[in-house]
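The values are calculated or read from the model by the stated rules, or taken from the named source; none is laboratory data. Remember, predicted model here, so these are calculated numbers, not experimental data. Note that we place each Cβ from the backbone using ideal geometry, even for glycine, and neighbour counts take in every protein chain shown.
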Amino acid sequence: MAEALAHAHKKNIVHSDFKPGNVFVGDDGEIRVLDFGIACAIGRSEKDGHDATIFNARSLGAMTPAYASLEQLQNSDPDPRDDIYALACITYELLSGKHPFGRLSAEKAIEVNLQPKPIAQLKRRQWKGLQKALAFKQAQRSLSIDEFLAAIGPHTSVYYGLWSTALFIACLIGLNVYWTLNEKQTASEVVKVAVELNPEQLQKIKDLLELADIHFDVGYLTAPTGSNAFWAYQEVLKIDPYNKAAMDGINKIADTLEQQAWEFYEKNDRSEALKKVQEGLEVNPVHKGLQSLREKLRFN
């Protein structure tokens, strides 16, 4: 699908009504993207002639709201990133079985501040790439089909070789820093300083804790960025560094991720288990249960 759209974009054509109903699988297994009847021509210059006919899906009213970009709904000029938004919606459906915004239009999704739920099977890099392609605002969206594919596709063997070397060096440096800091910490105890909070700060903490509970209940533990339980607890700690409720909440997130990791481990899905362990250690690096399971997975 991406290759078909990329080919059209190179010809300065935007599909403008890309959706599952316009994607067909032939008897030979070949994927075909059809229905370019209302596609929009872009980048047309004066040399093409003033009498050139340009069909515009916006003026024809033929777009499908669930897959139309915000710019399409606002009748803006056609842009390849319109198709990228639709492609990202379909990609999300293929991977999760659900539309990222419950089939709501981009305008309605923004109005209710709807965020797509992370897909567990994706690596963090891939999820970030899919998120970028799903961005409501065109300026924040993936610039091209190639950029989108590079973000969600697999890395090359060269990448993993360089990454492994960098990781080894980082571990050596990290161990050296750890030993240095550990020696300093044993030499002096950390003194907690009470923070005096004004009524406005107290109310903000209360609101953030309530928001964190909501995010936790719907499963938004560490994602999406800026709208999850871990983020809300961190915001509380920025105001009150020793807030017990926030610290307990962070530990609860780590405990939950440990439980999820064990569930994957018992299903013999080591890869997903390790992802949950790493996610949990980013929340609480000294969590004993997660550290123990990480070592178990490494040993296996």
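Taking the criterion of being touching a residue at least 12 places away in the same chain (Cβ under 8 Å), part of a helix (DSSP H, G or I) and within 20 Å of GLN138 (Cβ to Cβ), the residues of region 86-120 that qualify are ALA86, LEU87, ALA88, CYS89, ILE90, THR91, TYR92, ALA106, GLU107, ALA109, ILE110. Within region 257-279, residues that are closer than 18 Å to LYS123 by Cβ sit with their Cβ atoms under 7 Å from residues that are of a type in the set (Ser, Thr, Tyr), at 6+ positions apart or across chains, in these pairs: ALA273/TYR265; GLU279/THR222.
Residue by residue, here is whether (1) surrounded by 15 or more Cβ atoms within 10 Å (Cβ to Cβ); (2) at pLDDT 70 or above; (3) in contact with a strand residue (DSSP E or B) (Cβ under 8 Å, 6 or more places away or on another chain); (4) of a type in the set (S, T, N, Q) holds:
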{"residue": "LYS10", "(1), (2), (3), (4)": "no, yes, no, no"}
{"residue": "ILE13", "(1), (2), (3), (4)": "yes, yes, yes, no"}
{"residue": "VAL25", "(1), (2), (3), (4)": "no, yes, yes, no"}
{"residue": "ALA39", "(1), (2), (3), (4)": "yes, yes, yes, no"}
{"residue": "ALA57", "(1), (2), (3), (4)": "yes, no, yes, no"}
{"residue": "LEU60", "(1), (2), (3), (4)": "no, no, no, no"}
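Is there a residue being over 23 Å from ASP217 (Cα atoms), under 21 Å from the mean Cα position of the chain (by Cα) and either at pLDDT below 90 or surrounded by 14 or more Cβ atoms within 10 Å (Cβ to Cβ) (or both) anywhere in region 228-247? No, there is no match, as no residue in region 228-247 is over 23 Å from ASP217 (Cα atoms), under 21 Å from the mean Cα position of the chain (by Cα) and either at pLDDT below 90 or surrounded by 14 or more Cβ atoms within 10 Å (Cβ to Cβ) (or both). Inspection of region 124-136 finds no residue satisfying the criterion of being at pLDDT below 95 and among the aliphatic types (A, V, I, L, M).
Before we move on, is ARG81 in contact with a helix residue (DSSP H, G or I) (Cβ under 7 Å, 6 or more places away or on another chain), assigned to a helix (DSSP H, G or I), surrounded by 12 or more Cβ atoms within 10 Å (Cβ to Cβ) and at pLDDT below 90? No: the conditions fail for ARG81.
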